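Let me begin by presenting the structure, written as structure tokens, before commenting on it.
The values are calculated or read from the model by the stated rules, or taken from the named source; none is laboratory data. Everything numeric here is computed off the predicted structure, so don't read it as measured data. We place every Cβ from the backbone using ideal geometry, glycine too, and count neighbours over all the protein chains shown.
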Amino acid sequence: MNKVRLRAEGVTKQFVSPSNEKVTALEGVNLHIDDEEFISLLGPSGCGKSTFLRLVAGLEAHSEGILKLDDKMITRAGRDRGVVFQQYSLLPWLHVWENVAFALKKDRQYKKSDIKEIAHHYVELVGLKGFENYYPSQLSGGMQQRVAIARALVYKPGLLLMDEPFGALDAQIRREMQDLLLDVWQTEKCSVLFVTHDVDEAIYLSDRVYVMSSRPGKIKNELKIDLDRPRHLDMQLTPKFIEYKRDIMLDLQG
């Protein structure tokens, strides 16, 4: 039996609106992510996908329920989770390798030479060897997102959280980034929670897909994606892929 990395039981998130009304963003969310499993969270805009990811990241607190990472309650942000947002948020005055190394600079277990070596390893892992000394402004959007992924992986988190990281990229670059992510995931052997509104992307990347309802966000359905790995583009033309897509689209509409 696979080890459970993340477990959510009855997770609810409420907040108070500017008009002093209580608003429920998430209600009774139940899901789990196993060790080294790739999970996508899919749903309409405003359903609470990103809110749930922020709860898992420890950037916000949930109102009710149980949210555990490796059997420990999530109460704050931690280095056991890496986070990649749609906005790259790179430091423009630092080189690529320095952006990747930034999270390690206050870690006393590493010497300066070790930090640089580790950063260069992850820069190469995401396909940017030769660009270590470039500034973010000298890179394309896809290259900047590669740097953001390397930065999130540099301290070897057990869970990688990704909030629509490829949403701002054009179709061709998005495809390349999806394949890059799968290669990196299989190399690093971490668990992934991937938030998206793109049905094809969710099916292509994932072991399982959780479909959410409109606000208040709840888990409406869970689908196991039984497609061979490694994945390839032709899979999206197979009857099985199209059937998964049909089922998810019906869930989203219904």
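Does segment 97-134 hold any residues that are closer than 22 Å to GLU176 by Cα and outside any helix (DSSP H, G or I), and which are they?
Listed by number, the residues that qualify are VAL126, GLY127, LEU128, LYS129, GLY130, PHE131, GLU132, TYR134.
Hey, can you tell me all the residues within segment 199-217 that are modelled with pLDDT of 95 or more and not aliphatic (A, V, I, L, M)? Walk me through it before giving the result.
Of the residues in segment 199-217, the ones modelled with pLDDT of 95 or more are 199-212.
Across segment 199-217, the qualifying residues are ASP200, GLU201, TYR204, SER206, ASP207, ARG208, TYR210.
Take LYS156 and decide whether it is without any contact (Cβ under 8 Å) to a residue 40 or more places away in the chain, part of a helix (DSSP H, G or I) and either farther than 26 Å from ASP34 by Cβ or touching a strand residue (DSSP E or B) at 6+ places or on another chain (Cβ under 9 Å) (or both).
On the way: without any contact (Cβ under 8 Å) to a residue 40 or more places away in the chain: yes; part of a helix (DSSP H, G or I): no; either farther than 26 Å from ASP34 by Cβ or touching a strand residue (DSSP E or B) at 6+ places or on another chain (Cβ under 9 Å) (or both): yes.
Answer is no for this residue.
Taking segment 1-51 only, how many residues are among the small types (Gly, Ala, Ser) and in contact with a His (Cβ under 9 Å, 6 or more places away or on another chain)?
Within segment 1-51, the subset among the small types (Gly, Ala, Ser) is 8, 10, 17, 19, 25, 28, 40, 43, 45-46, 48, 50.
Still in the list and also in contact with a His (Cβ under 9 Å, 6 or more places away or on another chain): 8, 43, 45.
Selection size over segment 1-51: 3.
Residues of segment 14-35 being exposed (fewer than 14 other Cβ atoms within 10 Å of the Cβ) and of a type in the set (D, E, K, R), which ones?
Once the filter is applied, which keeps residues that are exposed (fewer than 14 other Cβ atoms within 10 Å of the Cβ) and of a type in the set (D, E, K, R), segment 14-35 yields GLU21, LYS22.
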